[in-house]
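Scroll down for the structure; my scribbles are underneath it.
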Amino acid sequence: MTVEAASLVRRSDEGAHHAYKLIKKRRCRKRVRHISRNLQHLFHSCQTAFKVPGIVPCASHVKYLCRILDGMKPEDVGLSKDLHFFKPKSQIDRPPRVTSATNYKCDKFELCIFFLPEGAVIPLHNHPEMTVFNKLLLGTMRIKAYDWVDLDPHTSDSSISPPKFSDVDGTGGSARLAKLKANGTFTAPCDTSVLYPTSGGNIHEFTAITPCAVLDVIGPPYSKDDGRDCTHYQQVDGQLDSEEVRNVKEEDGYGWLKETEIPKEWEMDRIEYMGPQISYNNPNHSCS
């Protein structure tokens, strides 16, 4: 497979984007599938860093993974820097859809790519008990990220009861104080960002200014059965009435986040990964 052979395509009945589209004739000529050295190196390093599900990698492993990801290029996952992999949006009554493809997944970690057409948004969401590496491969995007604020100075437990929020928007519910950790525009190539279970911007949002491709390393992956379900949030304003937050100042750099259901039109499409493959040459390989 060549770089030029990769394109993006969504299911024809939903129409809007392109996903990897291979030239079968060229692919059939090669008996051995193309393997990216950088992608292979990343895979083996993830096996080392994420030996036990749910354990945050040590500082040296985090640094090493960042070094590998910083050096990765779009071609390492079958993309070209000049590839226009999204068609102009044809429906103005719905937001552009995000597409994802999983390179590899086991119970310890996952490698996946997110494709965002211009104007697409991955809404504000969390990563419970997870360490995540984000590498922007293509495009320019705006990233906004928060961490929860512990309102009790006598405890390190960040899972405090969320303060009640006045029903200013007519929806009820509760909100919780968060500290803004990132709010800026990033253009590829740029350094890899890392978020941790309770720091580094665990709750974040992506907005594509131009068509973007993002490579993620997620350890461990989302799993409802293991209590790692994805929760979405919205930032809210209004009159807080909880004694618990009486001494908290509302100022720039802080925000009140409230759980929300993701609108159906923002749901993500999934496609098969068709880029360079990973070789499982370890006979003791236990992930599947």
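Every number in this text was worked out from the coordinates using simple rules, so none of it is lab data. All values derive from a computational prediction rather than experimental measurement. Neighbour counts run over all protein chains shown; Cβ positions are idealised from the backbone, glycine included.
As a rough footprinting exposure proxy, the listed residues Cys46, Cys112, Cys230 were ranked by other beta carbons within 10 Å of their own, and the order from fewest upward is Cys230, Cys112, Cys46. The label-point distance for Thr185 and Thr198, in a model that sets each label 7 Å from Cα toward Cβ, rounds to 3.6 nm. Distance from the C-alpha centroid of the stretch 265-281 to that of the stretch 97-133: 10 Å, rounded to the whole angstrom. The protection proxy used here, the mean number of other Cβ atoms lying within 10 Å of each residue, ranks peptides 122-131, 212-221 as follows, highest first: 212-221, 122-131.
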